[in-house]
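Scroll down for the structure; my scribbles are underneath it.
The values are calculated or read from the model by the stated rules, or taken from the named source; none is laboratory data. Everything numeric here is computed off the predicted structure, so don't read it as measured data. Positions of Cβ are generated from backbone atoms using ideal geometry, with glycine treated the same way; all protein chains shown enter the neighbour counts. Calculation scope for accessible area: heavy atoms of the full protein, side chains included, ligands and nucleic acids excluded. Shrake-Rupley method; radii C 1.70, N 1.55, O 1.52, S 1.80 Å.
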Amino acid sequence: MWYLCVFYHRLLDYRKPEFESLADLFGAFGDKRSSDFNTQDKVLQWRLPKHYHPDSPFHFVHLPSEDVARNIANRSILVKGIYELWGEGNDFEELEEAVKSYPDERKLPYLEYESTFKITVDSFGKVLSLQEQNERIQGLSYIPFKGRVNLKNPDHNFWLMETDENETNNGLPPVVKRRIFFGREIGGADRKLIPMYQLKTRNYLGPTAMDAEMAFLMANQAQAAPGKFVYDPFVGTGSILVSAAHFGAMTMGADIDIRLVRDGRGPDCNVWSNFKQYGLPMPIGLLRADNNLPPWRPGLKEVFDGIICDPPYGVRAGGRKSGGRKLLKGIVGPYTIPDDKRADHIPSTAAYTLVECVHDLLDIAARMLVMGGRLVFFYPVLREDGSVETHFPEHPCFKLVATSEQMLSSRYSRVLLTMVKTSLYTEELTLAARIKHLEFRENHLKWLENGNLHSSVFSPADAESGDSKVSKESKLKYRGKYV
């Protein structure tokens, strides 16, 4: 059945990937227990209202059942609501005709005497006064509502939504013709999560803590849910694992900095206290571990259902790996820390380039994820002279199912990559992955291998040149910071 999906006007590239990940989680594509992990046919049918821009919040989507639609809407962060559309039109006369022609067997069960209802009037691109809203509600008198009005806790929510003609550049997606929609609400996002988990009220924070909204989006992309085991190899202060735990997943994290995972800022201000703050289940464990030298015993495979992380790519923090410069250069040999010094010992580390970090991450994910498990991580993109590097890392065990870009400056953006494990980890695929890594390393931008992304992003040339806006010209500009 076709439903009207209305998105929030923010993070435009993230809206459909999040929706489709949740559709897969809630069974829109069939039985998830099937051994067939081919994701090629797992594509929803979408269509736009007539004359609407693809960046518009209004989309039609085909879903197998109302239960699936409700589960997606209630879990999503970016879906404002999903509606059973009773009618639409360019004006109120056309809307009335459409609503009256909608089948009675679909309408009458929600218009009974025993039920309560509420009508909400909403608009996109303009503001309606209270008087205008009341006039529009009174204009719906042709709908035979028999129940009582209940504004606080109604049995059924009905929405009247409209957009006005908007062909000029006023900071919103263009709309050629006015359109009015009326429908019954199936479900909608619980945006109360965002202020409840916002970082400014978080007990323990670090310089790379993930924004709450983005962390929830990443958890949805990874399909975190009760009974699933989620791992973050760059856990930091635990922001991503907090969002996964909120959705019921078991969690585990690791970080190369032992001060983060062991000490924090004291017994009441550490990663564990973040989970305690929200009443969430504690992680299974927090490890001091190196992504370059993973701690798993040989032969251990397919443990995690999802790996979600924000690798260090050198903007706010650079990557580190175990060893130290002298050890890596062979100046000194491996050594053992005496027992009496181990408690306070902080191992030496060396620089860890992003190319090497991503290769190790893909290798760990290929080994440790179950079949059908998801790897979700951010990847930086540097724009030079208005062009964008779109050569993403690959691995023969994974299929890239979604990319969502967020521009952070005129020269720099980050892309959320979502990969699904479709092949078993074997020695042959490990060799093929190594070859892909060498090709990727050779063909990619020089700044990525040298680890100088920070200097590229914050180069004074960006401010001095007159081309700082070139890279944004290919995208429409809308009002708001996160669109």
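Shape index of the stretch 329-375: Rg/Rh, with Rg the Cα radius of gyration and Rh the Kirkwood radius from the inverse mean 1/r over Cα pairs, equals 1.16. A straight line joining the Cα centroids of the stretch 145-209 and the stretch 219-256 runs 27 Å. Got a sec? Which residues in the stretch 308-351 would a label at R434 touch, if it sits 7 Å along Cα→Cβ and we count backbone N under 11 Å? In the stretch 308-351, the label zone of R434 (backbone N under 11 Å from the point 7 Å along Cα→Cβ) covers no residue. Within the chain, the longest run free of GluC sites (Glu not before Pro) that sit in a DSSP loop with at most 11 other Cβ atoms within 10 Å is 168-472. Residues in the stretch 244-307 average 49 Å² of solvent-accessible surface per residue, probe 1.4 Å, ligands and nucleic acids excluded. For the residue pairs K118/K177; K321/K421; K16/K80; K228/K301; K100/K146; K301/K421, the alpha carbons lie more than 18 Å apart in K118/K177; K321/K421. Fully extending the segment from T426 to A317 would add 35.9 nm, taking 0.36 nm per residue of separation and subtracting the current Cα-Cα distance.
Evaluating kT/(6 pi eta Rh) at 10 °C and 1.306 mPa s, with the Kirkwood radius of the stretch 226-334 over Cα pairs in the Stokes-Einstein relation, gives 105 µm² s⁻¹. In this structure R367 has an accessible area near 70 Å², from a 1.4 Å probe over the protein heavy atoms.
For the stretch 147-306, the fraction of C-alpha pairs farther apart than 20 angstrom is 62 percent. A Förster radius of 45 Å combined with the Cβ-Cβ distance from D339 to F392 puts the calculated FRET efficiency at roughly 0.50. Heavy-atom accessible area with a 1.4 Å probe sorts K326, K42, K146, largest first, into K326, K146, K42.
Of all segments of the chain bounded by chymotrypsin sites (Phe, Trp or Tyr not before Pro) found in a DSSP loop with no more than 11 other C-beta atoms within 10 Å, the longest spans 143-334. Radius of gyration over Kirkwood radius for the stretch 194-457, both on Cα atoms: the Rg/Rh ratio is 0.95. Volume per residue for the stretch 2-190 equals 136 cubic angstrom (convex hull of Cα atoms). Here the chain exposes an accessible surface that is 50 percent carbon and sulfur, computed with a 1.4 Å probe and the other protein chains kept in place.
Normalising by residue count, the stretch 184-251 has a Cα convex hull of 92 Å³ per residue. For the chain, the equivalent ellipsoid derived from the Cα gyration tensor has semi-axes of 46, 25, 22 Å, listed largest first. Here is how the number arises for the chain: DSSP H runs of 4 or more residues each give -39500 (n - 2.57), the sum is divided by the residue count, and the result at 222 nm is -7000 deg cm²/dmol.
First measure r as the distance between the Cβ atoms of Q131 and D155, then evaluate 1/(1 + (r/R0)^6) with R0 = 35 Å and state the FRET efficiency to the nearest 0.05. After rounding to 0.05, the efficiency reads 0.80. Solvent-free Debye calculation, one equal scatterer per alpha-carbon of the stretch 82-198: log10 I(q)/I(0) at 0.09, 0.10, 0.22 Å⁻¹ equals -0.29, -0.35, -1.34.
Centre-to-centre separation between the Cα atoms of the stretch 80-139 and those of the stretch 285-335: 56 Å. A crude spin-label estimate for the pair T120 and C269, with each label 7 Å from Cα along the Cβ direction, gives 3.9 nm.
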